[in-house]
Amino acid sequence: MKKNLVLISFSIFFSIVIIEIFLRIIGLYSDLAKITLEPSSSIYEKPKDTFQKHKHPDLQYIISNYFDLDGVKNNTDTMTSNKKNIIGIFGDSMVENYLVEPEFDFSNILNSSIINYQVVNYGVGGYQAEQVFLRYLQYKDHDLRYVFYFFMPGDQETLNLISFNDSGQFIVNKVKINKVFEILGRLNITYLSIDSLLIIRSLIYDDFSSIKSTNYPQLLANRIAKRQLNYGQNDMKHFANLIEIFQKTVEGNNAKFFVILYPDKNHITYFHNALKLKDLKVSYIQLNDLLTTSSSDKKFTFINDSHWNEFGNLEFARELKSYFNKNLKINFIEDNDYNEIENKIKKFYSLHKKR
């Protein structure tokens, strides 16, 4: 048996070598194998110029979201970096809304009637405060006029992606890929394997994503780096430092900084205690208790998922619209509080309900 295992192992290794040599000779994936594996500072990014598809949790319907060449969720023909007067909303999956029909994403609802500004959804699922700040740094050269950070429970978790020196300056701690994975990233067969898995998935599932091969090296690097993170650390002082530097950086780029607070009593108390540690003055929006996802009536959340559904996005848009209009003096075309859109959502649910 030992001889058989050695023979099988050698045969597999020899086959891999032959395939790798063949791929190099014909040049397939050679351009990808030349790219050094380097994870993004925030560890996880959406693949650029890609349509990502997911099944709606409660309906017989496939949701398709487009992430543009900037890697930002975008429902327009204008690339995000070319947009003007941006109100940027940063946060985790509650902001990203990848399971919501794009027309009823809060950002698109707001854009349907806002005047002289464009609301951009910069959210990425699985993020926490450090990652959100690092994502902001990636897009700080966009024409951002207002930056809103949606602070969710669990966001204060420290992943050690950012540290602070004695003078309060921040240092980005980039995760490095070890040598074994660096070698894997240099092999053409690695990208053949990724390509093959995605093709097989597209043949089996309806909610496949058409990811372009140019994204493979970073997707691979981020997947490897994510496994090296230490989760579960909670440091209020670190979080307070982060909010302070976030605000200073945004204001240094001639924009205004705001925090959106998820409506949970303990969560809101944590935020205020963190501000007291540094005597910080931060403008914030405290959302209506109706938008808590723990509500039993499931009016604003999916039945089969804990995130906001289309009605939740509409309610969130209404709250932001009211704040924009009252506190920022931003004007809107309509004054009917999106009643027409609410009717559209009802028709959408009636049309695509599960049989």
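Looking at the range 154-163, which of the residues that are within 22 Å of G252 (Cβ to Cβ) and of a type outside the set (V, I, T) is surrounded by the most Cβ atoms within 10 Å (Cβ to Cβ)?
So, considering only residues that are within 22 Å of G252 (Cβ to Cβ) and of a type outside the set (V, I, T), the one surrounded by the most Cβ atoms within 10 Å (Cβ to Cβ) is L161.
Filter the range 238-259 for residues that are polar (S, T, N, Q) and either more than 23 Å from N327 (Cβ to Cβ) or at pLDDT below 95 (or both) and give the result.
Passing the criteria: only N241.
Considering only the range 260-355, give the helices (runs of 4 or more DSSP H) lying wholly within it that have at least 1 residues that are at pLDDT 95 or above and more than 25 Å from V132 (Cα to Cα).
Because the criterion is at least 1 residues that are at pLDDT 95 or above and more than 25 Å from V132 (Cα to Cα), the helices (runs of 4 or more DSSP H) in the range 260-355 that meet it are 310-327, 339-352.
Which residue, of N82, N116, N121, N108, is farther than 24 Å from E334 by Cα and not basic (K, R)?
Only one candidate qualifies: N82.
Which one of D207, D235, D166, D195 is exposed (fewer than 13 other Cβ atoms within 10 Å of the Cβ), acidic (D, E) and at pLDDT below 95?
The match here is D166.
Restricting attention to the range 101-122, and to residues there that are of a type in the set (D, E) and surrounded by fewer than 24 Cβ atoms within 10 Å (Cβ to Cβ), which single residue is farthest from the chain's Cα centre (by Cα)?
This residue is E103.
Across the range 253-274, what is the number of residues that are more than 23 Å from the chain's Cα centre (by Cα) and either basic (K, R) or more than 29 Å from A317 (Cβ to Cβ) (or both)?
Residues in the range 253-274 being more than 23 Å from the chain's Cα centre (by Cα) and either basic (K, R) or more than 29 Å from A317 (Cβ to Cβ) (or both): 2 in total.
Applying the selection to the range 213-234, what residues are part of a helix (DSSP H, G or I) and of a type in the set (A, V, I, L, M, F, W, C)?
L219, L220, A221, I224, A225
When you scan the range 115-148, how many residues do you find that are of a type in the set (V, I, T) and either under 15 Å from V259 (Cα atoms) or at pLDDT below 95 (or both)?
Of the residues in that region, 2 qualify.
Out of the residues in the range 177-203 that are among the basic types (K, R) and without any contact (Cβ under 8 Å) to a residue 12 or more places away in the chain, state the one that is nearest to F133 (Cα to Cα).
Out of the qualifying residues, it is K179.
More than 27 Å from the chain's Cα centre (by Cα), of a type outside the set (S, T, N, Q) and either crowded, with 19+ Cβ neighbours inside 10 Å or assigned to a loop (DSSP other than H, G, I, E, B) (or both): which single residue out of L7, L28 fits that description?
Going through L7, L28 in turn, just one is more than 27 Å from the chain's Cα centre (by Cα), of a type outside the set (S, T, N, Q) and either crowded, with 19+ Cβ neighbours inside 10 Å or assigned to a loop (DSSP other than H, G, I, E, B) (or both): L28.
Report whether or not I63 is in contact with a Phe, Trp or Tyr (Cβ under 9 Å, 6 or more places away or on another chain), buried (at least 20 other Cβ atoms within 10 Å of the Cβ), farther than 30 Å from N230 by Cα and not hydroxyl-bearing (S, T, Y).
Here the answer is no, as I63 does not meet what is asked.
The values are calculated or read from the model by the stated rules, or taken from the named source; none is laboratory data. Remember, predicted model here, so these are calculated numbers, not experimental data. Using ideal geometry, Cβ is built from the backbone for each residue, glycine included, and neighbour counts are taken over all protein chains shown.
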